Amino acid sequence: MNPFDIMKNAQAMQKQLAQIKAEIEQLTATGSAGGNMVKITVDGTFAIRDIVLDPICVDNRDIPMLQDLIKAAHHAAIQNLQQLMKDKYGPMLGALNLGA
């Protein structure tokens, strides 16, 4: 096979992968628990985009604080996981650009 064809194919695949990554980052999904008392929406990078707590499960005055605490805990968990992956797999994951 011609080396130039291989490079051309590799560049096309790289472009396609970049497009797929951008599309994945725009995806969102919502999960719920406790009969919809707690709902969390995440994006394609697993970042929390929204938290909804039903007032029935907590004191109304605590909802904003709890939402912020949940976001902060989620962020810390992701950072810890990224560091763990970086420590364990290092350069092998560098090409995947997982944000670690």
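The values are calculated or read from the model by the stated rules, or taken from the named source; none is laboratory data. Everything numeric here is computed off the predicted structure, so don't read it as measured data. For neighbour counting, all protein chains shown are included, and Cβ atoms are generated from backbone atoms with ideal geometry for every residue, glycine included. SASA here: full protein model, heavy atoms, side chains in, ligands and nucleic acids out. Shrake-Rupley method; radii C 1.70, N 1.55, O 1.52, S 1.80 Å.
Can you compute the modelled spin-label distance between THR30 and GLN11, with each label point 7 Å from Cα toward Cβ, in nm?
4.4 nm
Which one, GLY34, PRO91, THR45, is farthest towards the positive end of the dipole of the chain when Lys and Arg carry +1 and Asp and Glu -1 on their Cβ?
Checking the options against the dipole of the chain, the answer is PRO91.
Taking Cα atoms, how many degrees apart are the long axis of helix 3-26 and the longest axis of the chain, rounded to 10 and kept between 0 and 90?
Rounded to the nearest ten degrees, it is 10.
For the chain, max minus min Cα coordinate along each principal axis, in Å, sorted largest first?
For the chain, the Cα spread along each principal axis is 68, 28, 19 Å.
Using a Gaussian network for the chain with springs between C-alpha atoms less than 10 Å apart, which of these wobbles most: LYS39, LYS88, LYS71?
Of the options given, LYS88 has the highest mean-square fluctuation.
For the chain, what % of the accessible area comes from carbon and sulfur atoms, probe 1.4 Å?
That fraction is 61 percent.
For the chain: lysine pairs with Cα atoms under 29 Å, gap of 8 or more or different chains, count?
Close lysine pairs found across the chain: 10.
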